[in-house]
Amino acid sequence: MELIGSPLTTTFAHPRSTPTRFLPAISTLASSYRNRIPYYPLPQSTNLPWIPNAYYKAAAINPTLAPLSKSCQGLAPSQSLPSVSNRTNLFTRYTPDDWYRSNLTNYKESETSRRKAERLRLDTARMIQDKHQQTTKTQGESTKNLGVRVSDIEFWKSELLHELDEMIGETNALTAMKQQLERALVETEAPLQVAQECLLHREKRMGIDLVHDDVEKELLTEVDVIKSCQERMQRFLERVKAQLVSSRAAQQELERDLANKQRAHCIDDKCHHLRNTSDGIAYYRGVEWVDATISVPESWAKFTDNNILLSQSERAASAKLRGNVENLLVVTANEMRRQFSAGNVAFTNRIAEMADAKSKIQTHLAKTLQEIFQLELNIEAIRKAIRDKGPALKVAQTRLDERKWRPDLELCRDPAQLRLVNEVFEIDETIQTLQQRLRDAEDTLQMLVHSKSVLEHDLAIKANSLFIDQEKCMGMRRSFPSTARLL
């Protein structure tokens, strides 16, 4: 017996329509109710092409007669009636009753066969109608389920598209904030370099002006503030870079899920619109036994929901980080601007102090020069006074020397002699007093000259310090970046 579902001899691109008369010919039913083909469930009977020889096999009719009589049933071949050639007497083989009974038996069997055939036809027609209705209902339910599935995919597609747009906008905003933070970090290099150069220039001060004043304290504080701001900016820059990596990863997951949803939507929408008369339908044997699914509706929806939740969390973290970066830029700009202003105030005060000190030194130097000039005139006067006492001393000493040559008693200690001696002592004392005053004046002059040199040196130091603070340092500090550039 030929098995049902044997390989087809021809493949059709389009399935043939179901014939209206698909039962085999009447001649083939004579023995089909006795030798029925066993039923083998096909994987998809509605998808098989209509080839009758794949389901039925032509049956040959071998009619048999009813036995002559009950007494003849089960006789051995040796006990059967002899052939005509061997019979000597002519006798009938069957009786009329046997003949009538045989006809009745055949009639009953024919009626039974017809009744069975009729019942089979009716059951078959009813079964065909039921199966057609069942197939139509099943196909309708499948189409409805596909429509629901397409609606679900469209819903999640819209959610993914909305979240993807939000994530792209947030990523672009964070990227712009990263660039702004990088520019602000670069802008802090100029104030830091200015403060360091100011400290370096102030190291060129001389002498007593190498003092650890308020200006130097403010400059050191300014350097520390700028470096602290740079460190905080660098830390936030690293956090922004890491957040961008996380945001882009979440965005890629959304894009991958959205691409899968779009492809699945195209496939399911095509399946939803397929009909029995659609082009492109064909047989795919055994496809119903292939289970390539890897998820269930719950896990499928949860996967997309998790992607959206992950994107929302990353977006919230990105927005919070952007707010922190904006606040950081404002705080650091205010700190640097405030410290810069404090440094400028210290420079202004120091420059005023040095200008006042320089003015006072110039005043004292002028007075000192004037006093030196007067003292030099005084010294010259003392020297002239000493020179003027020489002739008078010579006269007195000459008189005493001449009078010592008086003879005998003429060497009298008279008032003239006493006065001359006193005059010599007085003149000599006057000369010594003047010489002492001359030495004192010369010492004072040396002290004034030294004070003059000290004042001149100090004036040069103050002028150098004033030039450094006023011209070099304040000249550089006029180009401090604005708050807008720092932001």
Taking the Cα of Q179, stepping 7 Å toward and past its beta carbon, and measuring to each backbone N in segment 326-345: which are under 18 Å?
326
At a probe size of 1.4 Å, how large is the accessible area of K144, to the nearest 10 Å²?
150
Integer Hz, Karplus 6.51/-1.76/1.60 couplings in order for segment 230-244, x for Gly and Pro
5, 5, 5, 5, 5, 4, 5, 5, 5, 5, 5, 4, 5, 5, 5
I need the per residue convex hull volume for segment 351-477, using only the alpha carbons, in cubic angstrom as a whole number.
84
With a 1.4 Å probe and all protein chains in place, put Y284, Y94 in order of accessible area, largest first.
Y284, Y94
Carbon and sulfur atoms: what percent of the 1.4 Å accessible area of segment 293-416 do they account for?
57
Cα-projected label distance for E166 with R119, points at 7 Å along beta-carbon direction, nm
6.9
Expected vector for segment 212-224, Karplus 3J(HN,Hα) from phi with 6.51, -1.76, 1.60 and θ = phi - 60°, integer Hz, x for Gly and Pro, equals 7, 8, 5, 4, 5, 4, 5, 5, 5, 5, 5, 4, 5
Once the Cβ-Cβ distance between D130 and A342 is put in as r, and R0 is 60 Å, what FRET efficiency do you end up with, to the nearest 0.05?
0.05
Greater than 28 Å apart at Cα, pairs in K227/K472; K137/K270; K157/K178; K131/K157; K227/K462
K157/K178; K131/K157; K227/K462
Bounding extents of segment 135-191 in its principal axis frame from Cα atoms, largest first in Å, are 83, 11, 6
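The values are calculated or read from the model by the stated rules, or taken from the named source; none is laboratory data. Keep in mind it's a predicted model, so treat the numbers as computed, not measured. FYI the Cβ positions are ideal-geometry reconstructions off the backbone, even for glycines, and counts take in every protein chain you see. Areas reflect the complete protein model, heavy atoms only, side chains present, ligands, DNA and RNA absent. Shrake-Rupley method; radii C 1.70, N 1.55, O 1.52, S 1.80 Å.
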